[in-house]
Structure formats: structure tokens, C-alpha cells
Amino acid sequence: MQLEAQGFIELPPRKKNPLNPLSRHQKPQIVEVDQTPRVGKLSDLRPMELVLVRRTPLERLYRSLIEEHHYLGYRRPVGEHLEYLTMSQGEPVACLGWSSAPRHIGCRDRYVGWDQERRKKHLCRIVINTRFLILPWVRVPHLASHLLGLSARRISQDWEKLYRHEVVWLETFVDPERGFEGTCYKAANWVYLGQTTGRGKDDHTNKANRSLKLVFGYPLRKDFRQVLCE
């Protein structure tokens with residue numbers, strides 16, 4: 001194909017175009033939920049529970065809420081991942097999605113202090129928060145940072161049950177071009193690490209082709225560097 005593009009050879013016309021699996025992406029079916037406004041204090045939402053929905057009937061509700069109310073919509077994660085619903089008095093109030101971490105983030109790698117060999121070995125112990133949605137009819141101060149704290153206290157245990165290895169570091173991207181500043185991550189004591197380069201993982205141009213994201217990280221163990229660099 002590259003030789004043809006460069007004019008060295010000429011190939012016969014294609015008989016058919018193979019289907020791109022990504023083009024067959026089907027949007028989740030929308031599930032109707034009660035959208036009565038929830039306002040007040042954090043204590044007004046109790047009892048509140050962080051529910052792991054991966055491979056449960058509630059996964060359909062999670063996908064529907066993300067597709068309908070998150071600006072990125074729902075995409076089936078590739079690789080290891082977990083999905084959570086926050087339920088308050090039987091009704092959903094928030095969604096959190098976690099996935100395998102990108103293999104290279106410059107500011108994170110410098111902060112951890114590992115080399116390429118150790119990164120390849122221990123990257124599975126880092127997960128990224130890919131979706132975080134407080135449902136638009138829920139307006140409760142401090143809810144977002146509270147949920148990040150709940151997630152940090154249980155995600156490694158849940159990950160180890162399903163994937164047979166612990167998690168020692170959490171991270172996320174925040175897009176300032178959309179007006180986000182990472183306020184809830186700061187309130188939950190996440191560490192600001194720097195910015196992305198604006199290039200994808202397969203970039204060969206060394207030029208930014210997407211918005212620069214703020215990178216935040218959170219250690220789940222005090223000895224996270226020792227674990228990731230051993």
C-alpha cells in the first residue's frame with residue numbers, strides 16, 4: 001500500500017472495502033431515569049453507595065447515562081477497565097469509568113522516575129479515570145471530590161479481584177479548552193503533574209494535533225515509586 005501511494009507500483013482496483021469494526025459502533029440504548037433535581041448537602045444523599053457495574057445488569061444503565069450526558073459519550077474501553085455507578089437512595093447520581101493507562105505520558109513518567117523497561121513491566125499497576133460524570137440534575141457541593149475518595153479506597157481491591165494484580169497509581173486528563181480546571185481532583189488531593197504534548201500515541205510528526213490536557217495523579221501507596229521502579 002505504501003509503494004502504491006508513493007507511485008512505485010499500481011495495484012488493481014479493490015473488489016470490496018473491508019469493514020472497519022469501529023464504524024459498526026452502536027450507541028447504547030437510552031434508559032429512562034428519574035431526573036428530579038437533587039440539591040442540598042452531601043449528607044442529604046446518604047445512604048450512598050459506589051456500585052461496580054462491570055458485567056452486571058446495571059452496566060446498561062451506566063452506558064446509557066454516559067452516552068446521553070457526558071460530552072465524550074460512551075465508547076467501549078479497550079483492555080482492562082472497571083465501571084461504577086454511584087447510587088443514592090436507589091437512584092443514580094454519578095458515573096466513574098477507569099481503564100488501562102496510556103503507555104507514555106512524559107510528565108507522569110518523570111514524576112514516577114522509571115525507565116522504559118520498568119514502565120513496560122509495571123504500567124498495568126496504573127489506571128486512568130476516563131469518565132467522570134455527575135448527573136446534570138444533581139447539584140451537591142463536594143460530591144465529586146467525595147466520590148474520588150471513595151474510588152481511591154476500593155479500586156485496587158476491585159481491580160485485583162478481576163485482573164489479579166493491584167493498582168498503586170491513579171491518573172486522569174483534564175481538558176482546559178472545555179473550561180475544566182481539575183477543581184475536584186485538586187480538592188481530593190490529586191497532584192498536578194504537567195501537560196500532555198497534544199500528540200497521539202502513534203504520532204510521527206512531533207506536532208500537536210489535539211488539545212493539551214492537564215495531567216493529575218494520585219498515589220494509592222506511599223511507596224508507589226518503589227513498587228513501580230523495582
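A short reminder: the numbers here are calculations on the coordinates, not readings from a lab. Everything numeric in this text was worked out from a predicted model, so none of it was measured. Virtual Cβ from ideal backbone geometry, glycine too; neighbours counted across all protein chains shown.
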When the gyration tensor of the stretch 80-136 is built from Cα positions, what are the square roots of 5 times its three eigenvalues, in whole Å, from largest to smallest?
32, 11, 7
Return the loop-located chymotrypsin sites (Phe, Trp or Tyr not before Pro) in the stretch 56-130 (DSSP other than H, G, I, E, B) with at most 15 other Cβ atoms within 10 Å of their own Cβ; answer none if there are none.
Tyr71
For the stretch 110-230, how big is Rg over Rh, using alpha carbon atoms and the Kirkwood form of Rh?
0.98
Suppose R0 equals 35 Å. What FRET efficiency, 1/(1 + (r/R0)^6) with r the Cβ-Cβ distance, do Arg210 and Glu91 give to the nearest 0.05?
0.45
Extension length gain for Arg76 and Val31 (0.36 nm per residue less Cα distance), in nm, is 14.5 nm
Using θ = phi - 60° and Karplus 6.51 cos²θ - 1.76 cosθ + 1.60, couplings along the stretch 104-112 (whole Hz; Gly, Pro as x):
9, 10, x, 5, 5, 5, 5, 5, 5
Using the Cβ atoms and a cut-off under 15 Å, what net charge is assigned to the surroundings of Arg178, where Lys and Arg are +1 and Asp and Glu are -1?
0
Label-to-label distance, nm, for residues given as His104 and Arg221 (7 Å Cα→Cβ offset):
2.7 nm
When Lys and Arg each count +1 and Asp and Glu each count -1, what net charge do the other residues less than 14 Å away from Gln116, Cβ to Cβ, add up to?
+4
